[in-house]
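Scroll down for the structure; my scribbles are underneath it.
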Amino acid sequence: MTSSDKRRKQAICIASLLCLISFLLLIYVGYEYKSSKTNEIIMEDAKNDALQKAKSAIKKLIWKLIPRAPLFMNCKDLSSGKLGNDSRLKERLLAEMKNNSNIFSIVVAYSPALNAGKLYAPHFKRNGSEI
């Protein structure tokens, strides 16, 4: 074998080795790209799922509270202007908050004198177990 044949074989071996390394590197980069996209899709799906569950929980809570809303919305004492002192209203609001732990804050705005224009709004807020 001549020296040129040895060099030719070495060049072919080096070129083949470089092709193999490039091919393996390409496969690795492709795998990393696919797995990163998969992780992004999984994260996006998890966010959407959490959002849907939160919306569902809020809807259930709202539907629990809706039957209580007419207690306040159709209160004849408020709409007639006959509510002289607000102790009955305060008692009613406090009782509703004590009976339903899902209510964190409650406020009712009304005008103490019929058509007076100024609103009065007692506000009650739950702070831990205290109201």
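The values are calculated or read from the model by the stated rules, or taken from the named source; none is laboratory data. Just so you know, these numbers come straight off a predicted model, no measurement behind them. When we count neighbours, we look across all protein chains shown, and the Cβ atoms used for this are built from the backbone with ideal geometry, even at glycine.
Quick notes on this one:
- Across the range 17-31, a minimum of one residue is classified as under 44 Å from the mean Cα position of the chain (by Cα), at pLDDT below 90 and either outside any helix (DSSP H, G or I) or not assigned by TED's automatic domain parsing to the domain that holds SER105 (or both).
- Filter pass, PHE72 being touching a Lys or Arg at 6+ places or on another chain (Cβ under 9 Å) and at pLDDT below 75: yes
- Screening SER35 against (1) modelled with pLDDT under 75; (2) more than 20 Å from the chain's Cα centre (by Cα); (3) farther than 18 Å from PHE124 by Cα; (4) part of a helix (DSSP H, G or I) leaves a single unmet condition, (1).
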